[in-house]
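Take a look at the following structure, please.
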Amino acid sequence: MQYFDKLIIIGEEFEQDIRPLVKAFYQNERYEVEVLAYQEEIDRKLQTLTDGMMIQTGADRFRICFLSENRILEDCSETTKRDHKLYRNQLGRAIFRILGKITGRSLPWGILTGVRPTKLVYEMLEQGEKEPKISTHMETEYLCSKEKTELSLTVAKREMQILDQINYRKGYSIYIGIPFCPTTCHYCSFTSFPLAKFESFVDPYLDALEKEIRYAKDLFPEKKLNTVYIGGGTPTTLSPSQLERLLKLVYENFRMDESSEFTVEAGRPDTVTRDKLAVLKDFNVSRISINPQSMNDKTLMAIGRQHSSKQIEEAFSMARELGHNNINMDLIIGLTGETPEDVAETLRRIEHLNPDSLTVHTLALKRAARLNMEGQRFHDIGASDVEKMLILTSEYAREHAYEPYYLYRQKNMTENLENTGYARYGKEGIYNILIMEEKQSILALGAGGSSKILFDTTTEGVRFERVENVKNLNHYIDRIDEMIQRKRDFLDERSI
């Protein structure tokens, strides 16, 4: 297997396609990446570089070589940037072919490095393409494996069936972020603040959030509210009275009688109490999520969770007793030190709980996650046979009448795999589909919220634009008027 110290990308246009694809083949290796744009800079660098991989993209050709051997591995002059998509895919296939041969690896998702592989399949189905043609396209154009192609088709078809039941084209959804947790999990990169340190900020945060909610109530008067999702962080970190205040605000300001789904994450069992579950039930929350991630107590301790697997069982049973009949459970495969046997034990222990849906995440370490920042510390105790773990979860889902209904991927996912949501019929998370397939505007409120506003015009077609809130807790509280004005200016400029 050939290694290198530096990846040189000459030409900026395809940098975001090249980086993740090379990283997928060399996932655990460290190398510098340098992007060069000017010829004189290129010539100077190449004179001194002795151990690097170079990918050069020109107007009508690309070149891939290892500089240490001065060996050109691919020199293609049969393409042109005039067709951006054709050029990008041809470049991707060349990188895939070369690095597959050098590393002995084959990526199950081929050259696809984006978040939404099913979006391609969904769009082809919408255009009336037949399944055999879609399968051939995914396997030849993107080099997807047959298994992942079949999974994409299964998910996309189910998504279409679910979305056909709601008028999502004339609707919108709301995400509300509660950025507090008991502790911050080591793999987490979301906006999250440990309650022990930030408890005094909770009420000021809710005050600021209330201002944003009251502003947002009239933003889409002609659209129907399809779903509301309260996530985080961990929303059930709030006290019962704070949780009641938040849910009352939602009902006072939005047309909840129109909504098809109201989800609140109760992900950390150490935040779940009978009183809080009763508040959720009183406000007709239709779907909650109680997330084990693992039922291995040793793993829970290693990833920074201060609760036991027994507490997970107790929280779940309590929710059932209070009438919650749509409960999701999240699992993460690839966690520190785990084996397929640990995952099999987790599946055995949740079997008697019988959740209504199961979301299986493959560990992805983003730059802000502690496991990534302290990578060397955890390097020697990483998980093994993660693909086998994924197979175990998919077999479990099939055997227990869960069907895949949404799917997404992230950068730096272990073994280049995916996250899959499984659910029994009628228990799917509609919000998950809407945000993954980018089917409507998602209005995001709270610290770190990133609203995605859909524009559908006859001249430009469908596009999304983002308007973001600051992540910093203090800044959000102190600058809430500015966050509101950002949305106001954004929407006024575009005449929404």
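Throughout, read-outs are computed from the coordinates displayed, never taken from laboratory work. What you see is a predicted model; the values in this text were computed from it and never measured. Note that we place each Cβ from the backbone using ideal geometry, even for glycine, and neighbour counts take in every protein chain shown.
At q = 0.09, 0.10, 0.13 Å⁻¹, what log₁₀ I(q)/I(0) does a Debye calculation on the Cα points of region 220-340 give, no solvent, two decimals?
The Debye formula, applied to the Cα set alone, gives -0.28, -0.34, -0.55.
Moving to a separate point now. If you take the beta carbon distance between Arg214 and Arg274 as r and set R0 to 41 Å, what does 1/(1 + (r/R0)^6) give as a FRET efficiency, to the nearest 0.05?
0.85
Now, a different point. Which GluC sites (Glu not before Pro) in region 163-242 sit in a loop by DSSP (not H, G, I, E or B) and have at most 11 other Cβ atoms within 10 Å of their own Cβ?
For GluC sites (Glu not before Pro) across region 163-242 that sit outside H, G, I, E and B with at most 11 neighbouring Cβ atoms in 10 Å, the list reads Glu222.
While we're here: Apply the Karplus curve 6.51 cos²θ - 1.76 cosθ + 1.60, θ = phi - 60°, to the phi angles in region 92-103 and return the couplings in whole Hz, x for Gly and Pro.
Once θ is set to phi - 60°, the couplings for region 92-103 become x, 5, 5, 4, 4, 5, 5, 6, x, 5, 6, 8 Hz.
Looking at the chain, what % of its DSSP beta bridges pair antiparallel, to the nearest 5?
Once the DSSP bridges in the chain are tallied, antiparallel ones form about 40 percent.
Oh, and also: Please give the length that would be gained between Glu29 and Glu222 if that part of the chain were fully extended, namely 0.36 nm times their separation in residues minus their C-alpha to C-alpha distance (nm, one decimal).
Full extension from Glu29 to Glu222 adds 64.3 nm.
Quick check: Cα centre of region 226-271 to Cα centre of region 310-336, how many Å?
17
What translational diffusion coefficient, to the nearest whole µm²/s, does region 117-162 have by Stokes-Einstein, given a Kirkwood radius computed over alpha-carbon pairs, a temperature of 37 °C and 0.692 mPa s viscosity?
Here the translational diffusion coefficient equals 321 µm²/s.
For the chain, calculate the relative contact order in percent as a whole number, restricting contacts to Cα pairs under 8 Å that are 6 or more residues apart.
Relative contact order of the chain: 14 percent.
Stick to the Cα atoms of the chain, pair each with every other, and give me the Kirkwood hydrodynamic radius in Å at one decimal.
Computed over the chain, the radius equals 24.4 Å.
Which pairs in the list Lys217/Lys452; Lys248/Lys281; Lys81/Lys411 are over 23 Å apart, alpha-carbon to alpha-carbon?
Lys81/Lys411
Continuing with the same structure: Which value at 222 nm does the chain reach when only helices count, each DSSP H run of 4 or more adding -39,500 (n - 2.57), with the total divided by all residues and rounded to the nearest 500 deg cm²/dmol?
When only DSSP H runs of four or more count, the value is -12500 deg cm²/dmol.
Taking 7 Å along the Cα-to-C-beta vector as the label spot, tell me the Thr154-Asp83 distance in nanometres, rounded to one decimal.
3.4
A further question follows. Taking the simple approach of a point 7 Å from Cα along Cα-to-Cβ for both Met301 and Arg479, what is their distance in nm?
Going by the 7 Å Cα→Cβ label model, 4.2 nm.
So between Ser145 and Ile391, what do we pick up on full extension, going 0.36 nm a residue minus the alpha carbon distance?
Additional length available on full extension: 87.1 nm.
Which stretch or stretches of region 338-359 have amide N atoms under 15 Å from the point lying 7 Å from His400's Cα along the Cα→Cβ direction?
Those under the cut-off are 342-359.
Still on this model: Cβ under 11 Å from Leu335's Cβ, Leu335 left aside: what net charge do those residues give with Lys, Arg +1 and Asp, Glu -1?
That works out to 0.
Ranking request for peptides 391-402, 152-163, 298-309: highest mean number of other beta-carbon atoms within 10 Å first, then the rest in descending order.
Ranked from most to least packed, the peptides come out as 152-163, 298-309, 391-402.
Taking a spot 7 Å from the Cα of Asn284 along the direction of its beta carbon, which residues of region 316-355 have an amide N less than 20 Å from it?
Counting only backbone N, you get 322-327.
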